[in-house]
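Working notes, beginning with the structure itself.
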Amino acid sequence: MATEKQIAANKRNARRSSGPRTPRGKASSSMNALKAGVFAKHLLLPDDDAAEFAKLRAQLHDEWRPLGPTENSLVERLLALFWKQRRVYRAEAGLYTMYRQCPDGLGGVATALAKDGTETEAFTRLVRMDGAFERSIALTLRLLQKLREDRGNREGLVLGAPPATQTEEDPTT
């Protein structure tokens, strides 16, 4: 634990800091809290494939052909959920690779699970996140289906096109 003297020194140093000044520095510092990207503020992360994201968006809009802002919003939510779920799967594959190291060389899935179980329980957290995404996806799909059934009761709806470049902000936060 920090002493009173250290706390006071930290406060003095913090007052002198002006933070990032350049646009590049600000963009870089905006990612400081980023860990695995599962709870990222921005939907697309630096190592994400923007073309694959755009392809998934186009596919979802083509499949659902949303009418009006409510349906469009739900399709965009579905996009975000699917994209985050894919990230969970990539994280899981990375954990298997990372944790399967054993003293005699590479171990298997059991080695990865055993090692993680004694260290971080990251697999357990990923399973929970995946379950939460599955429930959110199911709910969003039910809402979309209900809205499609009720389309005849809503007037003045116009076929919604996918937003042009809404790749920065996460529509689910």
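The values are calculated or read from the model by the stated rules, or taken from the named source; none is laboratory data. Note that the structure is predicted; figures quoted are calculated from it, not measured. Neighbour counts are summed over all protein chains in view; Cβ atoms, including those assigned to glycine, are modelled from backbone coordinates with ideal geometry.
Checked against the criterion of being in contact with a strand residue (DSSP E or B) (Cβ under 9 Å, 6 or more places away or on another chain) and either at pLDDT 75 or above or among the polar types (S, T, N, Q) (or both), region 150-171 has at least one qualifying residue. Residues in region 84-96 include at least one that is surrounded by 17 or more Cβ atoms within 10 Å (Cβ to Cβ) and within 18 Å of Thr140 (Cα to Cα).
Residues in region 1-52 that are surrounded by fewer than 10 Cβ atoms within 10 Å (Cβ to Cβ), in a loop (DSSP other than H, G, I, E, B), of a type in the set (A, V, I, L, M, F, W, C) and modelled with pLDDT under 80: Met1, Ala33. If you go through region 83-105 one residue at a time, do you hit one that is among the hydroxyl-bearing types (Ser, Thr, Tyr), at pLDDT 85 or above and farther than 30 Å from Glu149 by Cβ? Looking for residues that are among the hydroxyl-bearing types (Ser, Thr, Tyr), at pLDDT 85 or above and farther than 30 Å from Glu149 by Cβ, one finds at least one in region 83-105, hence yes.
Within region 84-98, the set of residues being more than 13 Å from Thr124 (Cβ to Cβ) and in contact with a Leu (Cβ under 9 Å, 6 or more places away or on another chain) comprises Lys84, Arg86, Arg87, Tyr89, Tyr96.
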